[in-house]
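The values are calculated or read from the model by the stated rules, or taken from the named source; none is laboratory data. A quick note: this is a predicted structure, and the numbers were derived from the prediction, not measured. Heads up, the Cβs are rebuilt from the backbone with ideal geometry, glycines too, and the neighbour counts pull from every protein chain shown.
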Amino acid sequence: MVEIPSTQILDGLSDGITVQDNAFNIIYQNRVMQETFGRRIDEKCYAVYEKRDKICEGCGVQRAMKTGKAEVVLRTAFETNGNTSYWENACIPLFDDKGNVIAGVEVCRNISSRVTLEEEVKERNILLGQTNKQLERKTEELQNALSQREALAISLKLEMQRREQMELELRQAQKLESVGRLAAGIAHEINTPAQYVSDNVSFLGESFKSMQLLIDKYRQAVETLATTPGHEKLAEEIRMFEKVNDLKYFQENVPEAIKEVSDGMSNISTIVSAMKDFAQPDNQVKVAADMNQALLATLAVTKSEYRNIAEIETIFGELPMVPCHIGYLNQAFLNLIINATHAIREVVKEEGEKGKIRVKTSFDGDKVRIEIEDTGIGIPADIHDRVFDPFFTTKQEGQGRGQGLSVARSIVVNKHGGSLTFTSEPGKGTAFIILLPVGIKV
């Protein structure tokens, strides 16, 4: 068998081997350690390897000799060529025959390349982190730019809607102005002949009352003739003539006919007056107006819409005058009453009975409250947030363009600083509530 010296084996290793006694003097170095640090037998290991003047903190050899167990430590060393290197040392205690620790062996692996690689990885990670931060900043900038574009698009959309709303309100105002001029013309043309008719009807009514008194006297005379000898036949002829011409019918029905004509003429005057009040042109400056009177005028103008569909109930409280653009508010009231009429019409089609529109006013501190409630079909919950959108409608084509509620809300909120809200229960009806500030507190 070939014997190989142990020193030859140890010198052939790629790792360094160094042995220190209990006083930390170097008693052996293999080839790797001598080439790296020089042959430094009998010198202190901490002075040779780490250039210290006392034992190193965390010394693996010291711990191994103390505990009798192997230790693994990472150390920094200074080579004879002036380079700094990094080592992973396995420290193993050596025992004599009696089990006493007599030295410590260090198996030293140079990990400088690994440390350098780790440093490079660390640097690359730092660079990658910086790149990620730059990407995050760029992403945030892009997101901000997109948000700005979205905000700009929303703002542009709102501006377009606002302009469409203004154009719509302008057209409505022009229509109202035209209706006002037409109403004034109609009133002028109707009032004079209507006054003639009213005066003559009043004259006929008073005259017929006088004639009734005359007829009563005439009948007394006939009764006297009937009991006067020689005049019985004349009295009978008069009675027969009265019966043939049905004088009793005239007496009973002519007063009612005169009253109906008088009431009809009164209604004509009321409607013409309401049209003038409803469609009066607006001033640029708000003027004080009576909301109860405005609602009555609107109800008179819209009577043809609801006459066969709904009964009207008015509960008017005592209100202060409201500074407003009354022509615009009349338009809002009209839109809400027509909307209530259309809602009730759907119920009437199914049930055949008239519905009800209740118009109620009250004063609450510093606001006038107006409620227009109907017993119509109600508004489904899933479209509550779209009710006031321009051009949104659930009506069939030709029955509405979806502008009424949008215009009403714009008039109340934008032109008068008020609010327009609603409560609704499908199948039972809807109540729209208007709150208008009056500028005073009670």
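A few remarks follow.
- Checked against the criteria, Gly417 counts as loosely packed, with under 15 Cβ neighbours inside 10 Å, more than 24 Å from Ile309 (Cβ to Cβ) and modelled with pLDDT of 90 or more.
- Test: residue in region 120-133 that is touching a Lys or Arg at 6+ places or on another chain (Cβ under 9 Å), surrounded by 10 or more Cβ atoms within 10 Å (Cβ to Cβ) and of a type in the set (A, V, I, L, M): no
- Residue within region 307-327 that is assigned by TED's automatic domain parsing to the domain that holds Ala408, in contact with a Phe, Trp or Tyr (Cβ under 6 Å, 6 or more places away or on another chain) and part of a helix (DSSP H, G or I) present: no
- Answer from Ser198, Ser147 - the residue that is surrounded by 12 or more Cβ atoms within 10 Å (Cβ to Cβ) and either among the hydroxyl-bearing types (Ser, Thr, Tyr) or at pLDDT 75 or above (or both): Ser198
- For region 346-367, the set of residues classified as among the acidic types (Asp, Glu), within 23 Å of Glu318 (Cα to Cα) and assigned to a loop (DSSP other than H, G, I, E, B) consists of Asp366 only.
- Scan of region 46-86 for residues that are assigned to a helix (DSSP H, G or I), out of contact with any Asp or Glu (no Cβ under 8 Å at 6 or more places or on another chain) and of a type in the set (A, V, I, L, M, F, W, C), ordered by number: Val48, Met65
- Scan region 29-45 for residues that are exposed (fewer than 14 other Cβ atoms within 10 Å of the Cβ) and in a strand (DSSP E or B) and the total you get is 0.
- Note on region 370-392: among residues that are modelled with pLDDT under 80 and surrounded by 15 or more Cβ atoms within 10 Å (Cβ to Cβ), the one that is farthest from Leu296 (Cα to Cα) is Pro390.
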